[in-house]
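Report on the structure given below.
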Amino acid sequence: MMLHKDVKSVLLSQEKLENIVKSLAKQIEKDYNDKEFIVVGLLKGSVVFMADLIKQINLDFSIDFIVASSYGSGTESSGKVRIVSDLTLPVQGKDVLIVEDIVDSGNTLNFVMNYLMTRGANDVRVCTLCDKPSRRKVPMTPEYCGTQIPDEFIVGYGLDYNEKYRNLPYIGILKRSVYE
């Protein structure tokens, strides 16, 4: 594996990511067996993780996507969340599993969870690949968490900086010189 020139080091290797995805899928299968549920990807960052995750879940479910944003082109959340693109499927009376790449401040996820509950969802849970609890501004603990990570700016496996690096097969720590 070649390290991208803008990446300082690998935080999660491709092999480690595969193991995390399989483990999360097994937990989800156990908890959602015999339930009608929708897996909702929070775009754009979750797309790679979600694609791998749903291939490992041996249950029947629907998928949909929502785009919510609190970031511009910077590295800090603005704190103001807006729905950029809404779901196409109804969630009323259904259990919803939100798939997220990273939980940072929790602002966006908290907004989306409340939004889905007001649309009539039975239950809303969160599956995140990476959790950064040191940055949390809203009390929240994802029900399914791949791994906790340090307070570093990470890219790869769907995570980006200014729409770049999403295609890296690993998650790496971005060099500070790239974003400062």
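Residues that are touching a residue at least 40 places away in the same chain (Cβ under 8 Å), in contact with a Leu (Cβ under 8 Å, 6 or more places away or on another chain), over 29 Å from LYS175 (Cα atoms) and assigned to a strand (DSSP E or B) occur in the range 95-102; there is at least one. Candidates THR147, THR88, THR141: the one that is β-branched (Val, Ile, Thr) and in contact with a helix residue (DSSP H, G or I) (Cβ under 7 Å, 6 or more places away or on another chain) is THR147. What are the residues in the range 85-111 that are surrounded by fewer than 17 Cβ atoms within 10 Å (Cβ to Cβ), farther than 14 Å from ASP64 by Cα and aliphatic (A, V, I, L, M), if any? Passing the criteria: none in range.
Remark: THR88 matches the filter, which requires a residue to be at pLDDT 95 or above, out of contact with any Gly (no Cβ under 6 Å at 6 or more places or on another chain) and more than 16 Å from CYS145 (Cβ to Cβ).
Within the range 19-61, the set of residues being in a helix (DSSP H, G or I) and polar (S, T, N, Q) comprises ASN19, SER23, GLN27, GLN56.
Would you call LYS26 of a type outside the set (Gly, Ala, Ser) and either over 19 Å from the mean Cα position of the chain (by Cα) or closer than 17 Å to TYR144 by Cα (or both)? Answer is yes for this residue.
Counting the residues of the range 168-180 that are farther than 12 Å from VAL10 by Cβ and either part of a helix (DSSP H, G or I) or in contact (Cβ under 8 Å) with a residue 40 or more places away in the chain (or both) gives 5. Against the list (1) under 16 Å from ARG166 (Cβ atoms); (2) not in a loop (DSSP other than H, G, I, E, B), the condition LYS16 fails is (1). Scanning the range 123-142 for residues that are touching a residue at least 40 places away in the same chain (Cβ under 8 Å) and within 22 Å of LYS16 (Cβ to Cβ) yields CYS127, LEU129, CYS130, PRO142. Which of the residues belonging to the range 113-149 are of a type outside the set (A, V, I, L, M) and surrounded by 18 or more Cβ atoms within 10 Å (Cβ to Cβ)? Passing the criteria: TYR115, CYS127, THR128, CYS130, ASP131, LYS132, PRO142, TYR144, CYS145, GLY146. The residue list PHE61, PHE49, PHE37 contains one member that is within 27 Å of LEU174 (Cα to Cα) and surrounded by 15 or more Cβ atoms within 10 Å (Cβ to Cβ), which is PHE49.
The values are calculated or read from the model by the stated rules, or taken from the named source; none is laboratory data. The structure displayed is predicted, hence computed values, not measured ones. Positions of Cβ are generated from backbone atoms using ideal geometry, with glycine treated the same way; all protein chains shown enter the neighbour counts.
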